[in-house]
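Enquirer: Have a look at this one before I ask anything.
The values are calculated or read from the model by the stated rules, or taken from the named source; none is laboratory data. Given the structure is predicted, the values throughout are model-derived calculations rather than measurements. Note: ideal-geometry Cβ built from the backbone for every residue, glycine included; neighbour counts use all protein chains shown.
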Amino acid sequence: MSASADVLGFPHVTAAAAADRLRTGLPAASVGVILGSGLGAVADHVVDHGGVAVSYGDIPHFPTSSVEGHKGRLVAGTVAGTNVLLMQGRVHRYEGYDAASVVFPVRVLHAMGVKTIIVTNAAGGLGDGYAAGDLMLIEDHLNLTGDNPLVGHNDARFGPRFPDMSEGYSRRLTGIAKEVGAARGLKLQQGVYAGMLGPSYETPAEIRMLRTMGAHAVGMSTVFEVIAASHLGMEVLGISCITNLAAGLSSQKLSHDEVKETATRVESAFSGLILDLLPRLA
Ligand code: HPA
């Protein structure tokens, strides 16, 4: 079997990274951030301080998101002297994009010089003592989507055929995030993120299964991006915003409105943490 011709590969990544819209006016950055559902406001702080924003639709081959709460633009700017690239919104496998398209932006950031990436998401909480509004440092993940962005021909320019995932989430960066969180007086949870395909939320039985499997948070993103980042040799910090208790753990029904509301409520704590972290990661 050969790889299909329309898979987004290395030439598409280089073309996107070299596009005029991305070269002009954007400072080179070694740190990138992917902002999940309702968490995009961090980038507004950067834009307000002289950042530049490019819509995903203006970048060749870049997938565009259909999810409410995702703005769909790449923002470049400087935070306390550190140049950063922030993705305000992402695409998901459940939108119909294949896994390679979902990780295309990570590969473009890498081609633009990004070596360290903060991957964030909104997630349901299922760890003991977890509450809506908590922030969780991701120490590891369970990829339960049944898919993987590295399926198909391996282009060695991205990385090896069988990449190691024993430290997908950097212990060094997690340690720095704990220090920064403590300095800000934030209580940070730390745990395992289960990545599901979605888009339906989990059933209570699935949540009981995930608890037995050792998960503390559940969501529909992140795992592909972190696999692709590991493949590329990038160092990853993962942060979940626990926007709700997972199915069956509270009397409330799950809704995207609740996810967005909680993300908005924790916006200042979340943004403060990210903005303080960025200069420590360069
Ligand atoms: N499950 C899956 N994805 C989510 C959830 C959830 O409870 N909350 C936010 N994203």
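Enquirer: As an exercise: evaluate Leu150 against (1) surrounded by fewer than 19 Cβ atoms within 10 Å (Cβ to Cβ); (2) more than 30 Å from Leu275 (Cβ to Cβ) and give the number of the one condition it does not meet.
Expert: It fails just one condition, (1).
Enquirer: Got a sec? Which of Leu237, Leu254 is surrounded by 13 or more Cβ atoms within 10 Å (Cβ to Cβ) and more than 10 Å from the ligand (Cβ to nearest atom)?
Expert: On inspection, the qualifying residue turns out to be Leu237.
Enquirer: Something else now. (1) touching an Asp or Glu at 6+ places or on another chain (Cβ under 9 Å); (2) touching a residue at least 60 places away in the same chain (Cβ under 8 Å): which one isn't true of Arg171, the others all being true?
Expert: The one condition Arg171 does not meet is (2).
Enquirer: I need every pair where a residue in segment 198-222 that is more than 23 Å from Gly168 (Cα to Cα) and of a type in the set (D, E, K, R) has its Cβ under 9 Å from the Cβ of a residue that is within 11 Å of the ligand (Cβ to nearest atom) and not in a loop (DSSP other than H, G, I, E, B), sequence separation at least 6 or different chains.
Expert: Glu202/Gly124; Glu202/Ala194; Glu202/Leu210; Glu202/Val218; Glu206/Val218
Enquirer: Let me ask something additional. Need the failing condition index for Leu249 against (1) over 15 Å from the mean Cα position of the chain (by Cα); (2) part of a helix (DSSP H, G or I); (3) near the ligand (Cβ under 10 Å from one of its atoms), just the number.
Expert: Tallying (1) over 15 Å from the mean Cα position of the chain (by Cα); (2) part of a helix (DSSP H, G or I); (3) near the ligand (Cβ under 10 Å from one of its atoms), Leu249 fails exactly one: (2).
Enquirer: Starting from segment 109-132, keep only residues that are among the hydroxyl-bearing types (Ser, Thr, Tyr), then list their pairs with residues that are assigned to a loop (DSSP other than H, G, I, E, B) whose Cβ atoms are within a distance under 6 Å, requiring at least 6 positions of separation or different chains.
Expert: Filtered contacts from segment 109-132: Thr120/Gly36; Thr120/Leu39.
Here is a yes/no grid of residues against (1) at pLDDT below 95; (2) closer than 24 Å to Ile242 by Cβ; (3) among the aromatic types (Phe, Trp, Tyr); (4) in contact with a Phe, Trp or Tyr (Cβ under 8 Å, 6 or more places away or on another chain):
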site	(1), (2), (3), (4)
His49	yes, no, no, no
Pro63	yes, no, no, yes
Leu85	yes, no, no, no
Gly124	no, yes, no, yes
Leu135	no, yes, no, yes
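Results for (1) of a type outside the set (A, V, I, L, M, F, W, C); (2) surrounded by fewer than 21 Cβ atoms within 10 Å (Cβ to Cβ), shown as yes or no for each residue.
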| site | (1), (2) |
| --- | --- |
| Leu144 | no, yes |
| Arg157 | yes, yes |
| Phe162 | no, yes |
| Arg171 | yes, yes |
| Glu179 | yes, yes |
| Leu186 | no, yes |
| Ala194 | no, no |
| Pro199 | yes, yes |
| Val218 | no, no |
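Enquirer: Right, another one. Give me the pairs, please: first residue somewhere in segment 145-159 and of a type in the set (Asp, Glu), second residue anywhere and crowded, with 16+ Cβ neighbours inside 10 Å, beta-carbon distance under 8 Å, and either six or more positions apart or on two chains.
Expert: Correct list of pairs: Asp147/Arg93; Asp147/Ala99; Asp147/Phe224; Asp155/Gly9.
Enquirer: Continuing with this model, one more query. Considering only residues that are hydrophobic (A, V, I, L, M, F, W, C) and under 20 Å from the mean Cα position of the chain (by Cα), look in segment 123-137 and name the one that is surrounded by the most Cβ atoms within 10 Å (Cβ to Cβ).
Expert: Ranking the qualifying residues of segment 123-137, first place goes to Ala123.
Enquirer: Looking at (1) part of a helix (DSSP H, G or I); (2) within 14 Å of the chain's Cα centre (by Cα); (3) within 16 Å of the ligand (Cβ to nearest atom), can you tell me which one Pro105 breaks?
Expert: (3)
Enquirer: Those residues that are farther than 12 Å from Leu142 by Cα, β-branched (Val, Ile, Thr) and near the ligand (Cβ under 10 Å from one of its atoms), I need them from segment 196-234; list them, please.
Expert: Ile207
Enquirer: Can you name every residue in segment 4-38 that is in contact with a strand residue (DSSP E or B) (Cβ under 8 Å, 6 or more places away or on another chain) and either at pLDDT below 80 or assigned to a loop (DSSP other than H, G, I, E, B) (or both)? So that I can check it myself, show each step before the final result.
Expert: Our first condition is that a residue be in contact with a strand residue (DSSP E or B) (Cβ under 8 Å, 6 or more places away or on another chain); within segment 4-38, this holds for 21-22, 25-38.
Across segment 4-38, the qualifying residues are Arg21, Leu22, Gly25, Leu26, Pro27, Ala28, Ala29, Ser30, Gly36, Ser37, Gly38.
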